[in-house]
Each structure stands twice: as C-alpha cells, then as structure tokens.
1. Cβ-Cβ distance below 7 Å, separation of 6 or more or different chains: which pairs start in region 103-126 with a residue that is under 22 Å from Gln139 (Cβ atoms) and end on one that is among the small types (Gly, Ala, Ser)?
2. Return yes when Glu268 is at pLDDT 95 or above, among the acidic types (Asp, Glu) and surrounded by fewer than 16 Cβ atoms within 10 Å (Cβ to Cβ) and no when it is not.
3. What residue, among those in region 277-297 that are in a loop (DSSP other than H, G, I, E, B) and under 11 Å from Thr29 (Cβ atoms), is least open to solvent (accessible area, probe 1.4 Å)?
4. Among Ile225, Ile249, which is the only one that is touching a Leu at 6+ places or on another chain (Cβ under 8 Å), modelled with pLDDT of 85 or more, closer than 16 Å to Ser27 by Cβ and of a type outside the set (D, E, K, R)?
5. Considering only region 46-62, state which residues are touching a Leu at 6+ places or on another chain (Cβ under 8 Å) and either free of Cβ contacts under 8 Å to residues at least 60 places away in the same chain or surrounded by 14 or more Cβ atoms within 10 Å (Cβ to Cβ) (or both).
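The values are calculated or read from the model by the stated rules, or taken from the named source; none is laboratory data. Values in this document were obtained by computation on a predicted structure and should not be read as measured data. Glycine also receives a Cβ, built like all others from the backbone with ideal geometry; neighbour counts cover every protein chain displayed. Areas reflect the complete protein model, heavy atoms only, side chains present, ligands, DNA and RNA absent. Shrake-Rupley method; radii C 1.70, N 1.55, O 1.52, S 1.80 Å.
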Amino acid sequence: MKKASLLLFASISLLSCNNDKNKFDASGTFEAIETIISSDANGTINAFNIEEGQLLESNQVIGTIDSTQLYLKKVQLEKQINALLSKKPNVNIQLAALNTQLSKANKEKNRISNLLRDGAATSKQLDDINADIEVLKKQIDAQKSSLSITSDGISNDANPLYIQVKQLEDQLQKCKIINKTKGTVLTKYAEVNEMTSQGKPLYKIADLTSIILRAYITGNQLPNIKLNQTVIVNTDDGKGGFKTTQGTITWISNKAEFTPKTIQTKDERANLVYAIKVKVKNDGSYKIGMYGEIKFQ
C-alpha cells in the first residue's frame, strides 16, 4: 500500500512538473465497475479454472461445485414419481368387461328388433333389453368417473414431487460456476477443494475494455462542461512524456465534496470540488488506480 502511494505521488509530481507545457483542467484516478461473483451453491469446489488477469467471456463455464447429493436426491424423487404413477388405473382395461357387455346387449337389441318386426318377439323383450343397455351405460359412466378421480388424485400427489425435481435441477445447474459478464479477473478468492457456500465470494471481475477516470473540478468549472462532452485525457507514458487520448463525460456529481488529498485541481485554493466520470476506451495501457489529467476542449 505504501509503495502504491509513493508511485501515485511520483506520478502526480511528474505530471505537475510539466504543467507549464500541459495545463490540465482536472485530475483524478482510473476506476472500473467491479463485480464480485459469489457462489450459488454449497459444497466442495471440484474445479475452478481461472487466474487473476484472465479475460473471461460471458456465460463461460469456469468451474464446478460437488453435486453428488443433489443428483442422488433427484434420482430418488424420480423413482418415487414412477412408483406413484404406476398405481394409476388403466381405464381401457378396467372398462373392457362392461364395454363387452354393452356391445353384446346392442347386438341382442338388434336381434329382438328384427324378431319384433316379424312378430316373433314382444315389445316387452325390446323394452327389457333397452333397460339393460341404459344400466350398462350408467355403470360405464360411473366407472369412468371413479377411475378419473383416482387417476387425477395420483397425478395431484405427483405434482409436488415434479416441483421438487425442478428445484433440484435448478440447484444442480447452480453447481456449475458460470461467468455471467465479460471481463478481466481482478481478484480470486477461492481455490479447488475448498468448501464454499451460497453467497460466498469466488472472484472479482471488471470489464476493462472501457475504463472510467474519476476526476474533480471546481464549482467555477461546472458551467463549462456537460454530459457526453469530449475531453482530452493525459497519462504518464513512462518516458517523461504523456500518453494522450479522448474521453467522454458520462456523469457529473450534483453535490460538492472536500478535495481528496491525492488530487490536484486547477484552482489550488478550492476546498470543495465536484466529481465527474470520464469514459475512456482502454487499449490495455490504462490500469485501475492510475493517475490521469483531463483538458476540456
């Protein structure tokens, strides 16, 4: 930390010595939007294939957490579901006997109707067979209703188990450590074979393709800037000169704060300053914590 502070002040001094040739309007340090990625599952880390400084792609699988117990519990639930569903009645088989009797009764009705036309049967015989057919139909409807209620009841009993399987599948998916956002690994907090738990940090990542220079201006400078304004950004090139690029103002604070000790302002007498953020396209040379100066165009 002490070494970093000395380097920062050395950079400030170097840039300050060149103020006659390169007057600045504001100064500050570079930062990035840093995201801490935490574990979504509990267990032992089986694989964790990242290193600090490594560039990761979005949706890249970078590790796994032990999921044996979750998998076995899912298999157990699936077996329970299969055993439960096997108890559902087969409607066609259950109704086969009654349907056969109904078919036989309809044939008998046709036979009696033909005999009645020839005077070889009575109306009572036809009425009796019609009554038998109606009874069989009601028995079939009642049996269908009973079997349907039984089948629906078993299905309803299985629904909570299906939901538990879905929950386990979600937990199993979360045992895969998947990087959600493209960026560079800044800090690695865990290693293979370590125990982790839900919410425990695994690594810190930031997208460094663009980087933010948080600079500070005085109240007198506020009227001279606006959002999306292009500015010149200067940093030490390590050879006694400056690396120059363009940046865009993306944010202007709406309240003043005391001037940070490591920051120089255009008006050294100013005690209160306003923070601004300048977005700069990063070619790889800009690092978090690096000192920079800006000039308004």
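1. Ile112/Ala121; Leu126/Ser113
2. no
3. Here the answer is Tyr286.
4. None of the other options fit; the residue is Ile249.
5. Selection gives Phe48, Ile50, Ile62.
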